Amino acid sequence: MKVKSVLAGLLTIITVGFAQAQQFNWPADEAGEAKARELNAAYTDYMKSEQFVEATQGLHWLLTNVPELNESIYINGVTVYNGAANATSDAAQKRIYQDSVMTIYDLRKKYYDNESRWIENKAYYGYQYYRDDKTKLEEAVGVYDRAFEVNGTINPAYAAAYFDLVRRHYLLNKAYSDIEVLGIHDKISQLLDDAEEQGVDVSTPKSNVEALLVAMELINCEFIDNTLGPRLEKDPENLLLAQQIFKYSVQYKCLSSPTFLAALEMIDNDNPTFSTSQVRAMRYMQNREYEKAQPVLEKALTLAQNDKQKAEVHFDLAKVHAQAGRKSAARSAAQESSKLDPDRLSDAYTMIGQLYMGSFNDCKGGESRAKDYSVYIAAYNAFQRAGNNEGMRDARARFPSKEELFTEGLQVGSSISTGCWVGETVTLATRD
């Protein structure tokens, strides 16, 4: 998603005015009161007729000479000066009007001290006015930061605008370190997650915030390993950092690094799930750390929620046992996998066939070639059950010959026990 498309909807947010107080503090002198009443009526009439530039003249006098007249001059002042900015084509004059909107909010705070009621509206205008001006980005971001300070949060609808200002300030002014940007991103993500838990639809701001982060090209596997990894090493109890690393590693497909595994271990130890334990075991297996993988797989087995998941674990356990030379245990696990999930039958019996194929040296007694080579017949049968034609061909090529059976007084079709751990009775056949 291009950044421009992400931002397209951000300016549709409409600010909400507050109820105006009815009490007016007119000047004590008769002439001053008369002028204030005249200009108050004049600017409001201009405002109602959307003659905003004309309205600024009387309003400016009121703001300067009777700043505590009534809160309405600040509430309406935003409407007037914003309308004047929109009505003006001259860039310099437009900026004067825009700056006046921001100043009006500052004056409202000075005289009425109710910042929590309108700080998000000020932040909205700051984004609208200043997002394309690198010299004003610090001010615009600062209003959002102030909103967090005053209210502890912001409206989820403003989340993408806030992060876009952070993005621009980072790119244009080098205002943050990479870690600081991610910290702000985490704060915004937590805000959106909390709102979602309360039933608020945050799908759009969430999508926009993530698209902005991706557009920054801030995170990649090198960043995770070289920046976040050392932080985790220095603070190995920092579960929040581990969760951050896990999230980014999955999102950016950085699953083969030691940093991802370290974060995964911490998360799985703290709050294991089937997925975390299974992936953790898979990483151990990829690293050939089979003894580490086994207990994690056994834990995953207790966390599995259905037979299909259990079958996955049993098949992985079969691989672990096979690598450790526990061939009988590997066969049992593979068979259990196929029982729990019939779709795994082919893989399970292919593995069993391979186990048998690799057992010739373990099982040969050296007294009967027919008996020694019977493990290949057992392997053939396993491959046949798996539907593995290539495995069947390889196994059949190692059957005893007709001459070898004749020499031992044996016949095709007779039964023989493989002995050894294979422990199967097979029907004699020849390779020729």
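Nothing in this text is a laboratory measurement; each read-out follows from the coordinates by a stated rule. Predicted model, so just to flag it, every value in this text is computed and none were measured. When we count neighbours, we look across all protein chains shown, and the Cβ atoms used for this are built from the backbone with ideal geometry, even at glycine.
About the Cα centre of region 58-132, how large is the charge dipole given +1 on each Lys and Arg Cβ and -1 on each Asp and Glu Cβ? Please answer in debye to the nearest 20.
Details: 8 positive and 9 negative charges, 20 e Å.
Around 100 debye, computed over region 58-132.
Can you give the local net charge around TYR97? Use residues other than it whose beta-carbon is closer than 14 angstrom to its beta-carbon, Lys and Arg +1, Asp and Glu -1.
For residues surrounding TYR97, the net value is -1.
Using the beta-carbon distance between ASP132 and MET282 and R0 = 51 Å, what value does 1/(1 + (r/R0)^6) give for FRET efficiency, to the nearest 0.05? Show your work: numbers first, answer last.
Working: r = 47 Å, r/R0 = 0.92.
Approximately 0.60, to the nearest 0.05.
Please give the FRET efficiency for VAL214 paired with ASP90, using the beta carbon to beta carbon distance and R0 = 35 Å, rounded to the nearest 0.05.
The pair VAL214/ASP90 has a calculated efficiency of 0.40.
So if I take the centroid of the Cα atoms in region 178-226 and the same for region 31-57, what is the distance between those two points in Å?
Their Cα centres are 46 Å away from one another.
So how much slack lies between THR273 and ARG146, counting 0.36 nm per residue of separation and subtracting their Cα-Cα distance, in nm?
Gain on extension, THR273 to ARG146, equals 41.8 nm.
Along the charge dipole of the chain, pointing to its positive end and built from +1/-1 on Cβ of Lys, Arg, Asp and Glu, which listed residue (GLY325, VAL426, LEU63) has its Cα farthest out?
Among GLY325, VAL426, LEU63, the one farthest towards the positive end of the dipole of the chain is VAL426.
Quick check on region 272-354: take the gyration tensor over C-alpha atoms, sort the square-rooted eigenvalues as a ≥ b ≥ c, and tell me if it's rounded (a/c under 1.5), prolate or oblate.
Oblate is the answer for region 272-354, as a/c is 1.5 or above yet b/c matches or exceeds a/b.
Have a look at GLY77, ALA300, ILE219 and report the one farthest towards the positive end of the charge dipole of the chain, computed about the Cα centre with Cβ charges (Lys/Arg +1, Asp/Glu -1).
Towards the positive end, the residue furthest out is ALA300.
Which one of PHE383, ALA395, PHE260 is farthest out on the positive end of the charge dipole of the chain, using unit charges on Cβ (Lys, Arg +1; Asp, Glu -1) and the Cα centre as origin?
Looking along the dipole axis, the top candidate is ALA395.
List the lysines whose alpha-carbon lies under 22 Å from that of LYS402, not counting same-chain residues fewer than 8 positions away?
LYS364, LYS371
Provide the net charge surrounding TRP421, with neighbours chosen by a C-beta distance below 12 Å and charges set as Lys +1, Arg +1, Asp -1, Glu -1.
+1
Could I have the simple spin-label model distance between ALA397 and ASP106, label points 7 Å from Cα toward Cβ, reported in nm to one decimal?
According to this spin-label approximation, the distance is 8.5 nm.
Treating the beta-carbon of each Lys and Arg as +1 and of each Asp and Glu as -1, no other charges, what is the dipole magnitude of the chain about its Cα centre, to the nearest 20 debye?
Dipole of the chain, to the nearest 20 debye: 1600 debye.
Please give the FRET efficiency for ASP343 paired with THR302, using the beta carbon to beta carbon distance and R0 = 30 Å, rounded to the nearest 0.05.
0.85
Between rounded, prolate and oblate, where does region 3-196 land on the alpha carbon gyration tensor, with a ≥ b ≥ c its root eigenvalues, rounded for a/c under 1.5, else prolate if a/b exceeds b/c? Walk me through the numbers before you get to the answer.
Values: a/c = 2.49, a/b = 1.89, b/c = 1.31.
Prolate.
If you add up the charges near ALA304, with Lys and Arg at +1 and Asp and Glu at -1, over every other residue whose beta carbon is less than 12 angstrom from its beta carbon, what do you get?
Values: positive: LYS299, LYS308, LYS310; negative: GLU298, ASP307, GLU312, ASP316, ASP341.
Summing Lys and Arg as +1 and Asp and Glu as -1 gives -2.
Determine the gain in length on full extension of the stretch VAL250-SER203; use 0.36 nm per residue of separation and subtract their C-alpha separation, reporting nm with one decimal.
15.0 nm
Going by average Cβ density within 10 Å per residue, which order do the peptides 275-284, 122-131 take, highest to lowest?
Values: 275-284: 20.6, 122-131: 22.6.
Packing proxy ranking, top to bottom: 122-131, 275-284.
Size of the dipole of region 185-287 about the Cα centre, Lys and Arg at +1 and Asp and Glu at -1 on the beta carbon, nothing else charged, in debye to 20?
Dipole magnitude for region 185-287 comes out near 320 debye.
Report, in whole Å, the centroid distance computed from the Cα atoms of region 69-90 and region 368-395.
88 Å
Quickly rank 233-245, 137-149 as a protection proxy: mean count of other C-beta atoms within 10 Å, highest first.
By packing density, highest mean first, the sequence is 137-149, 233-245.
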